[in-house]
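Worksheet: the structure to be examined is printed underneath.
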Amino acid sequence: MTNTRLAALGSEDPPLLSLTRRLLTLAESGLPSMLLPGGEAFAFTMAGREAPDSTWTLERRGTSIRYAAITVLGARFLPENRQRAVLGGRTAQEFAGLLVESLPTVTNLGDAALIAWAAADTAHPKLSDALARVNVLDEAGRPQYTVEAAWVLSALAAAREAADVEDRLTAARDRLLRARIGGGPLFPHATGPGLVPWYRAHVSCFADQAYPLQALARLHASGDGGDPEALAASEACAARICALQGDGGQWWWHYDARTGGVVEGYPVYSVHQHAMAPTALFDLTDAGGSDFGAAVRKGLRWMTEVPELAEHPEHREPLILDELGVTWRKVYRGDPKKAVRAARGLGTRVAPGLRLKTLDRVYRPVSVDRECRPYEFGWMLHAWQGGGI
């Protein structure tokens with residue numbers, strides 16, 4: 001079967017097709033090392049440390065259920081033998097089964113929603129168990145973090161053909177659409193008051209945009225007749241973040257959900273550039289929305305050009321390390337206790353649009369976070385190996 005996303009990329013920008021194929025190869029080679037001993041769970045992160053002789057070592061740290069579920073969502077697009085290579089000898093459906101079995105101990109709504117989504121997309125026979133756990137954790141009328149609310153909607157949309165989820169689907173849809181402030185195109189960090197302190201309730205992140213626009217697009221594509229209001233909201237959000245995209249292709253990190261502006265751009269995360277923005281925007285296009293391919297390509301190009309580092313040769317280093325099977329996590333300011341983010345968040349609360357440009361001169365974005373997490377590769381596989389909802 002022809003991969004339409006890669007084929008389109010090849011016709012538009014052949015060098016970027018080569019880069020994407022390189023990244024996909026790296027994802028498949030890097031994920032097995034992120035499995036914990038026993039092959040039944042994924043680490044939270046792989047942390048890199050450089051020795052005096054310039055060699056690198058990687059250390060697995062922590063465990064993450066949600067990153068495992070995202071990896072399943074991406075790995076399911078691979079042929080079975082390659083699924084098994086990535087998932088410790090299991091297929092995507094079999095690994096989803098491990099996650100479903102863990103649900104009695106899962107207390108986080110986002111984790112449960114991702115497991116349900118993975119179970120639905122792999123047609124796992126215990127999907128009903130996963131949906132039941134989501135239902136238990138998603139208390140009616142209780143505000144949720146926007147990312148987790150979006151994952152609930154994506155999970156229910158994916159399960160729509162296999163289970164009766166219409167009432168919950170409607171509630172999840174309406175919750176996301178109502179969360180927007182003043183009908184603006186961007187989404188806040190939470191769907192209602194109480195989860196975020198008042199002084200930063202207006203600040204939302206890139207994930208708060210990418211996952212809702214993806215979920216609403218997938219909702220529109222999942223049902224007969226679609227959902228034009230959901231598609232329009234997805235389209236408006238996508239158009240706004242693309243309009244705000246940096247000159248170097250950067251997907252900025254923090255936004256003012258009231259005004260639709262940028263609060264603070266950094267960190268720039270690799271996963272946003274090569275995976276999260278592409279998978280969300282591709283899903284929107286596949287659902288009948290606009291083609292945001294130019295923005296996807298612009299963001300992907302950042303992975304090798306990285307203007308923040310190119311402008312400071314003493315800090316220049318590659319973010320893609322094929323021999324280690326990693327892409328370094330982000331470029332950031334290195335400011336103590338995220339001082340720039342805090343100052344701009346508080347400043348824009350009082351004066352929307354306030355930039356405090358002096359901070360850009362004092363704290364330059366030339367630091368590299370030498371970590372790599374499984375979900376980065378899971379979403380990469382989902383973005384570039386998928387195609388069609």
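Just a few scattered comments:
- A 1.4 Å probe run over the protein chains yields, for the chain, 41 Å² of accessible area per residue, whole-number rounding.
- Using a Gaussian network model of the chain in which every pair of alpha carbons under 10 angstrom is joined by a spring, one finds that among 114, 31, 17 the greatest mean-square fluctuation is at 17.
- Restriction of the GluC sites (Glu not before Pro) in the range 128-203 to DSSP coil positions whose beta-carbon has at most 10 other beta-carbons within 10 angstrom yields 139.
- Convex hull of alpha carbon positions in the range 28-121: directionally averaged projected area 6.5 nm².
- Among 192, 183, 225, the largest mean-square fluctuation in a Gaussian network model of the chain, built with springs joining Cα atoms closer than 10 Å, belongs to 225.
- Sparsely packed loop sites in the range 53-137 (the chymotrypsin sites (Phe, Trp or Tyr not before Pro) outside DSSP H, G, I, E and B with at most 10 other Cβ atoms within 10 Å) do not occur.
- Kirkwood-based Rg to Rh ratio, the range 1-72, C-alpha trace: 1.11
- Applying 0.36 nm per residue to the separation of residue 311 and residue 364 and subtracting their alpha-carbon distance, the gain on full extension is 18.0 nm.
- Sulfur and carbon atoms: percent of accessible area, the chain [1.4 Å]: 51 percent
- Computed over the chain with a Gaussian network model linking Cα atoms closer than 10 Å, the most mobile of 315, 202, 124 is 315.
- Span from the the range 102-140 Cα centroid across to the the range 34-54 one, whole angstrom: 27 Å
- Charge tally for residue 76 (other residues, Cβ to Cβ under 13 Å; Lys, Arg +1; Asp, Glu -1): 0.
- Added length on full extension, which subtracts the Cα-Cα distance from 0.36 nm per residue, residue 322 to residue 229: 29.2 nm
- The chain - convex hull of alpha carbons, volume per residue in Å³: 140 Å³
- Size descriptors for the range 223-276, from the alpha-carbon set: Rg then Dmax equal 13.4, 41 Å.
- In nm, spacing of pseudo-spin labels at residue 290 and residue 304 (7 Å Cα→C-beta vector): 2.8 nm
- Of the residues 20, 44, 386, the one whose Cα sits farthest toward the positive end of the charge dipole of the chain, with +1 on the Cβ of Lys and Arg and -1 on the Cβ of Asp and Glu, is 44.
- Stretched out straight at 0.36 nm per residue, the stretch from residue 128 to residue 107 would grow longer than its current Cα-Cα span by 5.8 nm.
- Dipole magnitude for the chain: computed about the Cα centre from +1 point charges on Lys and Arg Cβ and -1 point charges on Asp and Glu Cβ, it is near 1060 debye.
- Rg/Rh for the range 234-335 (Cα atoms only, Rh after Kirkwood) is 0.99.
The values are calculated or read from the model by the stated rules, or taken from the named source; none is laboratory data. Source: prediction; values computed, not measured. All Cβ positions, glycine included, derive from the backbone under ideal geometry; neighbour counts span all protein chains shown. Ligands, DNA and RNA are stripped out before the accessible areas are found, and what is left, the full protein with its side chains, is counted by its heavy atoms. Shrake-Rupley method; radii C 1.70, N 1.55, O 1.52, S 1.80 Å.
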